[in-house]
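The block underneath contains the structure these notes are about, expressed in structure tokens.
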Amino acid sequence: MRFQYVLSEITTGLRRNLTMTIALVIVVAISIAMLGAGLLIRSQAETTKGYWYDRIEISVFMCNEYSTGAGCADGAVTDAQRDTIRQTLESHPEVDEVFYENQEQAFERFSEQFDDSDIGGIITPDQLPESFRVALQDPEQYDGVVSAVSGLPGVQEVTDQRQLLEPLFRTLDGFQLVAFAITIIQIVAAVLLIGNTIRLAAFNRRRETGIMRLVGASNFYIQLPFILEAAIAGLLGSVLGIIALFVGVELIVGRFIAPNLQFTSWVDSADVWAATPWLLVAGVLFSMLASFVTLRRYLRV
Amino acid sequence: MILFDNVSKLYPTQNQAALESLTLEIEKGEFVFLVGPSGSGKSTFLRLTLREDKPTAGRIRVAGKDLHRLSNWKVPHLRRRIGTVFQDFRLLPNKTVFENIAFALQVIGKPRRQINRDVPAVLELVGLDGKEDRLPDQLSGGEQQRVAVARAFVNRPLILLADEPTGNLDPATSVGIMKLLDRINRTGTTVVMATHDQSIVDQMRKRVIELEHGKLVRDQSRGVYGYTR
Ligand SMILES: Nc1ncnc2c1ncn2[C@@H]1O[C@H](COP(=O)(O)OP(=O)(O)O)[C@@H](O)[C@H]1O
Ligand SMILES: [Mg+2]
């Protein structure tokens, strides 16, 4: 392999097809920026889910003396009933931790929540239910716990926040799906565009490649300059795309979204750094792959 | 050196065969004219020999290789043993004479030392020494064809295929090219030349293979162009 020949062939190729090269760089830059944005949306959704997952718990409210309902036929929960409920929860494999909240504690929390209003004065502790707060091993798995304690005597009601947050999670799942779809479409579009650009480049140099074939240059030798050209353009494009991503995250998320919306933690430049090696590899690899596939079809022996 | 055994070639878009049951053998070191009217299958014969295309039926052996069984990645190695010259020269317009010839060696990975030795030698052989730094458009048609012949021959091929190499040249210049091809043939290289040029064929008195509608109609040693008409 004559390195110098390949090198001069690439530089003349890049120079001669300057507009094409620029087009290639731009295509890759946009694709990588979109791909990166897709990845960031995914990880944002992941972060948001995690943030809320950590706060998910199941509340098992027990009967007080005013309770009605099937489980409260015997009036307020007895010590024996409470122990059964606790044991059921603690021995359940999906349960991580169990906290007990008595009526006094419930009243304190209640008072804090309605600090300014008058309700605090009307309600007394014995009107509030005592409860178990249950943290789960896996927030996705809550059905088992809920059904295990729901029917027990002394249990007035079981609520899980998962139900409240379900719409949020569904939305986030949707976001992830859309981001994933956009990423796939983007990759396909980029590969087609790169392939087309390389095909034009090959067409522009058909005289050279025709002669190369005639004098017995190997396919590898004929294709190598094109593939390396694509790799260089891919690298340049990826770098530009990643820079655009940093700027975008800094301006849109860092300056605008994160300071104003604080219900979760937001992606930042650290996440872009984490994605950078993958994006570089993807940009170079997809460019090379696209040109390789195109050339295989286009520069046959 | 070249063996066609019952070879037929039918192009997909055509309903008449470009070559039909063609059987012939060309020995090492021969000089052969391939004649026949336009469309008789001369170029197709050369393309099949180069494995630019595959026959529809029949077997072809070139330089000891069965082309039917030659895998794609070995085709370049076959072509390194075959030089080719065309009517339209096929030079690279932005490369000098030297670079055009050197290109053929570079792209098959020959070292610079060999290029700097072989290119001047072949330029001298074709009578272009002193013009190595010219661009193709600074040369006459005959000179351009000499560059093309030099490029085809610089790697000392076993076979030289020429498809109407004098088609674009005036008679006097054509004679010069024919002398050059004859000289190359004398080094032991097998030369196959497709041509329309009657006077050249008549002068050279070499083996003549005549095709008509893809069929072999004459194979004559020391022949002339228009024997059958
Ligand atoms: N690539 C091709 N596709 C379809 N038909 C072709 C092709 N090349 C040649 N032909 C046909 O095959 C026949 C022989 O052509 P060719 O070998 O070029 O003849 P010649 O070189 O003697 O003029 C002609 O009828 C021509 O039209
Ligand atoms: Mg022809």
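Quick notes
- Dipole magnitude of segment B:81-174, debye to nearest 20 (Cβ charges: Lys/Arg +1, Asp/Glu -1, about Cα centre): 560 debye
- Mean residue ellipticity (222 nm) of chain B, computed from DSSP H runs ≥ 4 via -39,500 (n - 2.57), nearest 500: -9500 deg cm²/dmol
- Mean projected area in nm² (Cα convex hull; one quarter of hull surface) for chain B: 12.5 nm²
- Shown in residue order for segment A:75-85 are the 3J(HN,Hα) couplings computed by the Karplus curve 6.51 cos²θ - 1.76 cosθ + 1.60 at θ = phi - 60°: x, 4, 5, 8, 4, 5, 4, 4, 5, 4, 4 Hz (x for Gly and Pro).
- Peptide A:202-215, shielding by other chains (average Cβ, 10 Å cutoff): 5
- Counting only Cα atoms, segment A:10-58 measures 67, 14, 7 Å along its principal axes, largest extent leading.
- Exercise: per-residue mean of other protein chain Cβ atoms within 10 Å, B:76-87: 3
- Rounded to 0.05, the FRET efficiency of the A:Tyr100 and A:Glu140 pair, given R0 = 25 Å and the Cβ-Cβ distance, is 0.50.
- Given R0 = 60 Å, the distance between the Cβ atoms of B:Ser221 and A:Leu285 translates into a calculated FRET efficiency of 0.50.
- Antiparallel DSSP beta bridges within the protein assembly as shown, percent to nearest 5: 65 percent
- Relative counts (whole %) of C-alpha pair distances in segment A:140-239, using bins that are 5 Å wide: 2, 9, 11, 11, 9, 8, 6, 5, 5, 5, 5, 5, 5, 4, 3, 2, 1, 1, 0
- Euclidean distance of C-alpha centroids, segment A:123-143 and segment B:1-66, integer Å: 88 Å
- Gap separating the Cα centres of segment A:1-60 and segment A:68-107, nearest whole Å: 52 Å
- Gain on full stretching of the segment that runs from A:Thr124 to A:Asn196 - 0.36 nm per residue minus C-alpha separation: 18.4 nm
- Proximal lysines relative to B:Lys9, as straight alpha-carbon distance under 21 Å, when same-chain residues fewer than 8 apart are discounted: B:Lys42, B:Lys54, B:Lys65, B:Lys215
- Comparing A:Ile232, A:Leu89, A:Val284 along the charge dipole axis of chain A, the residue lying farthest to the positive side is A:Ile232, per the Cβ-charge model.
- Couplings 3J(HN,Hα) of segment B:194-211, computed from phi: 8, 7, 9, 7, 4, 5, 5, 4, 5, 5, 6, 6, 10, 5, 10, 10, 10, 10 Hz, in residue order, whole Hz [Karplus 6.51 cos²θ - 1.76 cosθ + 1.60, θ = phi - 60°; x for Gly and Pro].
- The distance between label points at B:Thr23 and A:Leu177 comes to 7.0 nm (points 7 Å beyond Cα on the Cα→Cβ vector).
- Among A:286-295, B:180-189, the order from most to least packed when residues are scored by Cβ within 10 Å on average: A:286-295, B:180-189
- Hydrodynamic radius of segment B:99-229 per Kirkwood, over alpha carbon pairs, in Å: 16.0 Å
- Measuring nothing but alpha carbons in the protein assembly as shown and taking Rh as the Kirkwood radius, the Rg to Rh ratio lands at 1.34.
Each value in this text was obtained by applying a stated rule to the coordinates, not by laboratory testing. Quick caveat: nothing in here was measured; it's all calculated off a predicted structure. Cβ coordinates were reconstructed from backbone atoms using ideal geometry, including for glycine residues, and neighbour counts include every protein chain displayed.
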